Each structure stands twice: as C-alpha cells, then as structure tokens.
Amino acid sequence: MRVEDFRGEAARVIARHAELESDAVERMLTVPPKPDMGDFAFPCFTLAKKLHKAPPAIAKEIAEKAAGDLELLHGAQALGGYVNLSVDRTRYADAVLREAVTAGEAYGCSRDGAGHTIAIDYSSPNIAKPFHVGHLRSTIIGGALVRIFEALGFKVVGINHVGDWGTQFGRQIVGLKRFGRPEDADDLMSLNRLYVKFHEEADGAPELVEEAREWFRRQEAGDEVALALWRRIRDTSLDYFKRIYERLGVRFDSYTGESFFNDKMDAVIEEAHAKGLATVSEGALIIDLSAEGIDTPALLEKADGTTLYLTRDVAAARYRHDTYGCDRIVYVVASGQSLHFRQLFTVLKLLGHPWAKDCVHVNFGLVQGMSTRKGNVIYLEELLDEARDRALAYMRGQIEKRLDLEDEETVAEAVGIAAIFFADLSKQRIKDYRFDWDLAISFDGDTGPYLMSAHARIAGILRNCGLDPDPDADVAPLVEPEAHRLVSLVARYPDVLREAGRLYEPSVLANYLLELARGLHSSYAVLRVKGEEEGRAQARLLLFTAVKQVLRSGLTILGIQPLERM
Ligand code: ARG
C-alpha cells in the first residue's frame, strides 16, 4: 500500500458520492487546519451553486454516504462546508514511514520534470558596479529554485547573466586612471571605491562624464587598450564573485554575461527589420508594443548606434533556447524590472518564437535594513563576516543550551548563512521585507538557525539513544496525536516540493520546514526514546529518522547546511 493510495481513495469516494471526476476532486482536496479534524478535506462551496443547496448540507450528505464506503480511510464527517476524511493512522504511518525511509535521501524527489530542461537566470550582478541587495536576493531565491527543480527531476541550467558590458565601464576606467593606481584594477574593493569616487567627482565636472563616454565608445569599437582594461576589471570582479558564490554554496553552469552577446545582436536587429517590426523614432530603433498592451516601446538600438540591455536579452534568450534546448527560461530578477521582462517576452513572441510563452519572470520585492556599515550597497564579504561573528557571539551567549560543538567557527559560518538565507526564503518573494539581524540569528524564532538546531537535536537523539534503528520496526505503537502530526507532515513533503516549484516559491518549503520543526519540538516530551520499551522506542526512532531525513533534504534545498552537531 502506498501513501498516494490514501489520497486516491479519498478522491474516489468523494467523486462517487458527489458525482464528480476523481481527478477534479483530487485537485480540490486540502488538508484540514488541525490534525484532529481529519487528514483530507473536501470543500463543498463550488458544488453549492450547481446543486442550489448550502455547503454544510451538501457536506453532510456526502459524508454520510462516504462513511459507509471506506477501506484505507477510517471515517468521514461533515465540518461546516467541508467533508473531512481521516486515515487509519497505523496503516498510514506504516505506508508513509516505510516509503520515506526506503527512499532515503531521495524521499520527496520526483521524476515530474524528467526529459525537461529549465534555464534559470539568477544573481546576475553588474560588475564594475557595486553588488546590491537585490542581487543577493536573486542569488538566494535563484539558488533555491535550481535545487527545487532538480529535486523535481528537471535538468537545470544555472546561468549568471553577468552585467559585464555597458557605459559603467567607461566610468570605472576613468575612476581608475584618474584617481587610482594601476594595481587597483586587481582588487574589487579598490575598484568599488574608485567607482564611487568617480561619481562624487563627476558631479559638476562634465568633462569627466565625457571622458567616460569616450572610453566606452572605444571599448565598443574594439580598441585594444580599452578592451584590455575592461578584461582586467571583469576578471577581478568575477574572481571575487566566484569566491563568494563558493561561500554561499551557489554554482552556475554558465557565466555568459552581456558581453557574450555583442556579436549576436545584429541578427536580432535584422530580423526585427525583416519582420517589419522595427521603426525609427528620434533616431533610435524601436518596436512599438502598444498593440500588445504595452505603452512603452522596446528600444533596440540607441540613436548613437549602441545596443541595449533589452537587445542583449533577446539575443540571450534565443541563444539559451538553441543551446540548451530548454523548455522554460526563468529570470529571477527584482520586481523593478517587470516592464523590461514584459517587453522582452513580447518582442520574442513578435519575432515568431512560440516558446516566448514559456519564459517566466520570477520577481521579488525589496529588502530593507540589510546593510553593513556602508549603506545600501552590500559588501558581501563584510555581510557574511558580520553574520558569522554575530552567530558566534550568539552561540557563546547560549552556553547552557549548547550541545556538543565541534568546530565553532565552521558552525558559526553555516549559522550566519542560514540566518540570512532563511530570513529571505521564508517570506513570500513578492513582498518587501525588513531584515533584522537579531530576529534572523535567534535560535528560538522562525529562523534558519532554529531549523538547523532542530536537525542537530534529532541527530543527537538518534546518535545517543543506545539502539540500532530497525528499518522494519512495527509502527503500531505510534498512537499519540504528536506522532500522527509528524507522520502527516512527512507525507506532505513530496507535494510541498511540487507546490514550491509550481509557484516558483521557496517560501512554501521554508514554512513547511518550520511546521515540521515545531511539530518535532512539541513531540520530544511525549515521544521519548531512551528508557522506553523496545518496540515503542523503535517505532519512534523510525519516525524520527524520517523526520530528520526530510529536514535534511529541505534545508539542503534551501541552501542551509544541516549539521549533525552544533
Ligand atoms: N544585471 C542586471 C541588473 O543588475 C540583472 C540581469 C538579469 N537577467 C537578465 N537576463 N536580464 O539589473
């Protein structure tokens, strides 16, 4: 008997007595808000219109008929406008835990995406310009999405669309030449400082701005001196970012940034002409999108002949589609660029690419309050160091609660990153949020460190219980409501991953893990292992093994390290 059989029976029974299709019912089934209300709930509200009856009356009728028609399920009852169905808890626990423990690390993963490739464009900072909080959010959310889709069986191509071409390089070069030493080109902090310096000085000095434009013109014209400087600045920036990405546990399959598309844009412009889409407006080349409901035209080429962010993105999308054969391209970029992506997807459609409909802008809101000493620009390395130091201080202040800590520094680094990641991933991505160090790092709140400690605690119980866990243990002793709650949560994990993927929303997973950790927390006193009769102890160990596995898998997907001890 498999876990899905229980849900399947719920759907079939309801379908039979409500005269609906099983599949439709299955999609409508939800989970009641409290475990003692049952395990599956069927809302009767949409039926009310069709049957001209009040939802509670319909629910009562269906529940009465269903109650006499159950096999794996145990009971059906009407509650308000819902029919609530309960599983036979022992059989359910047996199916769920057996399935989880047998699948091991792969539990929750599926083959839903087999044969499909998704390109995920994320992080994508502009080099020779400071890294902003938005890029960090994109890195965190994008990284989680990469791992969610991998768990769902998709082939994922992680792409860093580095902003490595544009007028800012001219400014960076002038900053370097005027105010720095040549070796500053090899150090990102110096480059950042000189970039800021340029902007301070250029205010009221138009000749500096002109000089910067000239450098970028030279760069676009292929001047070797300008290109050599550009390359050096680019290398310095990429080296720095790669170091940080390693620290964050983020990897990319490709760093094809904007410059990579320099020679691929003429084709876009020619095609726009050939399709009769392009028009000249005030010397610039545009595509009018008003017939598509977008008032702002897409700008393909500026009056001075330089190409644009949008044109590069058109070329990049086509390149990705052709190179990776991907069926979906996902862009993890702040909401501020919504118009850009609407334009991009529309231009792709007008150019005749049917796959334009499979491009998705995964947008997100702003973060406030995430800064180190230097304001809204993030010096990532500083931010991570600060996270680690704060984690260390916090841990040292918690002496009495500390478990066996091995390498304090390593743990603190992982905790710091968990704090930052989870603060972000637990919020619905579209919402703006305020980052607060104390809230993020606490081990007691709804935080990454709290989840890490839940995992370490359960690892400790398994380690110290003095028993060898028996994978074939009988689950009959798991009669407590706390146990049933945990079993139900474990059962939900595969669907949680699906839902997180469907909505491009890691917060679905993050909040589920919180629920699981809370369930665990409130079960310790009831579900003791040490000193219990062996059969009961083994049943509980089996349950804890499954829960630990899910915590471990979920945390890893979010980019948080599940340590065994901390
Ligand atoms: N570099 C851009 C920025 O910082 C983000 C790029 C996002 N990806 C894309 N294909 N446009 O604003």
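Computed values, structure above
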item: Rounded to 5, percent antiparallel among DSSP beta bridges of the chain; result: 55 percent
item: Ordering of 48-55, 256-263 by packing [mean C-beta count within 10 Å, highest first]; result: 256-263, 48-55
item: Stokes-Einstein D for the stretch 398-514, Kirkwood Rh over Cα pairs, 10 °C, 1.306 mPa s (µm²/s); result: 96 µm²/s
item: Distance violations [Cα-Cα > 23 Å] among Lys34/Lys60; Lys275/Lys349; Lys264/Lys302; Lys302/Lys357; Lys275/Lys357; Lys129/Lys177; result: Lys302/Lys357
item: Length-normalised contact order for the chain - Cα pairs under 8 Å, 6+ apart - percent; result: 15 percent
item: Counted charge near Gly142, where neighbours are those whose Cβ lies closer than 12 Å (Asp, Glu -1; Lys, Arg +1); result: +2
item: Equivalent ellipsoid semi-axes, the stretch 272-337, via Cα gyration tensor eigenvalues times 5, rooted, Å; result: 23, 15, 13
item: Sparse-neighbourhood loop sites, chymotrypsin sites (Phe, Trp or Tyr not before Pro) in the stretch 421-524 - DSSP loop, at most 15 other Cβ within 10 angstrom; result: Tyr524
item: Per residue accessible area of the chain, 1.4 Å probe, in Å²; result: 44 Å²
item: Square roots of five times the Cα gyration tensor eigenvalues for the stretch 466-566, Å; result: 26, 14, 12
item: For the chain: rounded, prolate or oblate by the Cα gyration tensor [a/c cutoff 1.5]; result: oblate
item: Cα gyration tensor, the stretch 1-98 - rounded (a/c under 1.5), prolate or oblate; result: prolate
item: For the stretch 508-566, the fraction of alpha-carbon pairs in successive 5 Å shells from zero, as %; result: 4, 17, 24, 23, 17, 10, 4, 1
item: Alpha-carbon centroids, the stretch 456-495 and the stretch 37-94: separation in whole Å; result: 28 Å
item: Accessible surface of the chain, 1.4 Å probe, proportion on carbon and sulfur as whole %; result: 51 percent
item: Cα gyration tensor shape of the stretch 23-166, rounded if a/c is under 1.5, else prolate or oblate by comparing a/b with b/c; result: prolate
item: Estimated 222 nm signal from helices in the chain, with DSSP H stretches of n ≥ 4 weighted -39500 (n - 2.57), rounded to 500; result: -17500 deg cm²/dmol
item: Mean Cα-pair separation over length for the stretch 158-267, i.e. relative contact order, pairs under 8 Å, 6 or more apart, %; result: 46 percent
item: Rounded to 10°, Cα long-axis angle of helix 408-425 versus longest principal axis of the chain; result: 90 degrees
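The values are calculated or read from the model by the stated rules, or taken from the named source; none is laboratory data. No experiment lies behind these values; they were computed from the predicted model shown. When we count neighbours, we look across all protein chains shown, and the Cβ atoms used for this are built from the backbone with ideal geometry, even at glycine. In case anyone asks, the SASA skips ligands and DNA or RNA and just uses the protein heavy atoms, side chains included. Shrake-Rupley method; radii C 1.70, N 1.55, O 1.52, S 1.80 Å.
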